[in-house]
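Structure, as structure tokens:
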Amino acid sequence: MGVETAATASEAFGPQFVTPMLFGAALNPLNSSVMATALVAIASSLGVSVGRSSILIASLYLTSAVAQPTTGRLGELIGPRRVFVAGTALVLLGGFVGGFGDNLLILTIARVLIGMGTSTGYPTAMLLIRRRASTAGLTAPPQRVLGSLTIAGAAMVAIGPALGGLLISWFNWRAAFLINVPIACAALLTALLWLPKDPDRIRGYPWRELITRVDLVGITGFAITLTCALTFLLSLPRPRISVLAASLLVAIALICWELRARYPFLDIRLLVSNMALTRTYLRNGLTLLAVYIVLYGLTQWMEAARGLTAYTAGLTLIPMGVLSALSAQVGSRRLRMGTSLTISAALMLAAGLIACSLNGHSPLVLLVTITALVGVVSGLCTLANQIALYEQAPAHTVGTASGLLRTYGYIGSIAAATICGMTFRTRVDDTGLHRLVAALIAVSMVVLALTVADRKLYARSNSRNRLDARRP
């Protein structure tokens, strides 16, 4: 980035513009990581099993996977600031509902509200950034601003479990919900004060036209397809074939509808014609699949087979979160998109090869080395895929496109949890770990091949994507 461009970007993306978006970017990963430390306490307090209480995690993932592209679509139509403010209000409501809830149903409703609300943060931020860049005449992606979103999310993943543990030990499990209240208030206040108001012209749609443009049928079909698919994954190793069949049937109907829709929610033709964007989605989902195999699988093995306490196992994961944030910072300033993705894939493969040597007597330094490498992978790939999407997606669909990027990430994380559950179904031991490592290496090789073969990643374009001309 040249000096003149950097100066212009610095002026366009000042602290007041960026601060509300950082709050929004932090809320979703915070709620994902903090709840993991509260499940046992919630189960004990409500008199339910820990297995039943895990619906509080699954409900957030399922809601977010559907809501991310949906809120992005709404942001494109009625304005990102309006959607962000409405979403933050939902987080505030969900925090209070969960904080004062007294049964699992109420807490699940609270998590759905929080999932819907926090899902507005990332897609609306990408829309706001894209529009501000266009207004400022910037053609290159504002890497430092995109990097700050990645850093905010990585920081929450890093401190979330520790923060959750402290809050629950000092207060009780209700703090895992009520922590949303002050953060949502700060996000709401700064958004109302500092985010630019949406153009009045966006209000011009009559309700019937707005419903047509939102494509409620497409959104509903997408939600049913994804929910059934993820439910099938979560049912393994006892597969619910009927749920999978329902997912496939609805998916076929969804494709037929979207190909005929005037304003498709899921633009099938765009995904087919813009293979660079489709590869970015696949690369993001597969990389996060590998990351979560380490996060879920290695953690279980460290406690059950290696004999570490939960506290010590948690400490070995700290470098993962810290280096994720640091690598995103370095990547936003020093590295090109293709370089970051290549390094990320190579380091993930290296982590898998190192993990081949793990056994019940492996030194802690080896475990920390693996988690540290995966942390660098997470930071670099998240940032680079954001930049790739920024360049590859048409400007008028960047909200929906950004949400879909996150959806692929959720699918990867749930698939990783399923793989780990199947591998450690009867026993957590070295043999099971090495099977997970084999899966990790295989996924890493696919990601590396996808990255190296995609020459467009190495040719940074300063011109706006030609698909931007395709306006609704």
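The values are calculated or read from the model by the stated rules, or taken from the named source; none is laboratory data. In this text the structure is predicted, and so the values were computed from the model without any measurement. Cβ placement follows ideal geometry from the backbone for every residue including glycine, while neighbour counts extend to all protein chains displayed.
Counting the residues of the range 123-155 that are at pLDDT below 85 and within 16 Å of ILE183 (Cβ to Cβ) gives 1. Taken over the range 322-372, residues that are closer than 18 Å to VAL437 by Cα and touching a residue at least 24 places away in the same chain (Cβ under 8 Å) amount to 21.
Every residue in the range 299-321 that is part of a loop (DSSP other than H, G, I, E, B) and either without any contact (Cβ under 8 Å) to a residue 60 or more places away in the chain or not basic (Lys, Arg) (or both), please. Within the range 299-321, ALA305, GLY307, LEU308, THR309 qualify. When only residues in the range 419-468 that are surrounded by fewer than 18 Cβ atoms within 10 Å (Cβ to Cβ) and of a type in the set (S, T, N, Q) count, which is modelled with the highest pLDDT? Among those that are surrounded by fewer than 18 Cβ atoms within 10 Å (Cβ to Cβ) and of a type in the set (S, T, N, Q), it is THR431.
Listed by position, the helices (runs of 4 or more DSSP H) inside the range 152-238 whose residues that are more than 30 Å from ALA253 (Cβ to Cβ) number at least 3 are 175-178, 180-194. Can you tell me how many residues in the range 120-168 are surrounded by 20 or more Cβ atoms within 10 Å (Cβ to Cβ) and of a type in the set (Ser, Thr, Tyr)? Total meeting the criteria: 5.
Those residues that are modelled with pLDDT of 85 or more and either more than 21 Å from ARG425 (Cα to Cα) or in contact with a strand residue (DSSP E or B) (Cβ under 9 Å, 6 or more places away or on another chain) (or both), I need them from the range 279-319; list them, please. Matches in the range 279-319: ARG279, THR280, TYR281, LEU282, ARG283, ASN284, GLY285, LEU286, THR287, LEU288, PRO319.
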